1. Starting from region 50-71, take each residue that is more than 30 Å from LEU33 (Cα to Cα) and list its partners that are surrounded by 15 or more Cβ atoms within 10 Å (Cβ to Cβ), counting only C-beta distances under 6 angstrom and pairs at least six apart or across chains.
2. Looking only at region 9-68, count every residue that is assigned to a loop (DSSP other than H, G, I, E, B) and either in contact with an Asp or Glu (Cβ under 6 Å, 6 or more places away or on another chain) or farther than 17 Å from MET100 by Cβ (or both) and tell me the total.
3. I want to confirm something. Restricting to region 57-102 and keeping residues that are over 30 Å from GLN20 (Cα atoms) and touching a helix residue (DSSP H, G or I) at 6+ places or on another chain (Cβ under 9 Å), which single residue is surrounded by the most Cβ atoms within 10 Å (Cβ to Cβ)?
Amino acid sequence: MKLPKNFGPQGFGGMMQQMQQAMAKAKTLEEDLANERLAVDKGPVKALFNGTGELMKISIDRSIVDPDDVEALEDLIVSVVRDGFNSATELRNARVQGIMPNLPDIPGL
């Protein structure tokens, strides 16, 4: 059987070692992400998320609260939440890639 590229320095043993290291890092990933803080600032609406995408805090400047234009405030809130979630997703993807940068793509896994 021909081994895939980047299979590891010692063939299967090297790959297994890489997998074990990746699994050890992955175990702490959720905790690490939960401790991260991501700030999103849309001017009068600001939010703080953790690295898992959980909304921790939202701040709205009172000067933009207009009972006759609730839609504008709603749009800003949706935009802040969307950006926070997207930032958290990008952070997670980068961390996962950092854990498993050289593992071969094995079909079915």
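Read the figures in this text as sums done on the coordinates, not as results from a lab. These figures come from a predicted structure and were not determined experimentally. Counting neighbours? That spans all protein chains shown, and the Cβs are built from the backbone with ideal geometry, glycine included.
1. ILE64/PRO44
2. So the first thing to find is which residues in region 9-68 are assigned to a loop (DSSP other than H, G, I, E, B), and the list is 9-11, 36, 42-44, 51-54, 61, 65-68.
Still in the list and also either in contact with an Asp or Glu (Cβ under 6 Å, 6 or more places away or on another chain) or farther than 17 Å from MET100 by Cβ (or both): 10-11, 36, 42-44, 51-54, 61, 65-68.
Residues that pass the stated criteria total 15.
3. Quick first cut of region 57-102, residues over 30 Å from GLN20 (Cα atoms) only: 57-84.
Now narrow it down to the ones that are touching a helix residue (DSSP H, G or I) at 6+ places or on another chain (Cβ under 9 Å): 58, 60, 64-66, 72-73, 76.
Details: ILE58: 15, ILE60: 15, ILE64: 13, VAL65: 11, ASP66: 10, ALA72: 12, LEU73: 16, LEU76: 18.
Checked region 57-102; the qualifying residue surrounded by the most Cβ atoms within 10 Å (Cβ to Cβ) is LEU76.
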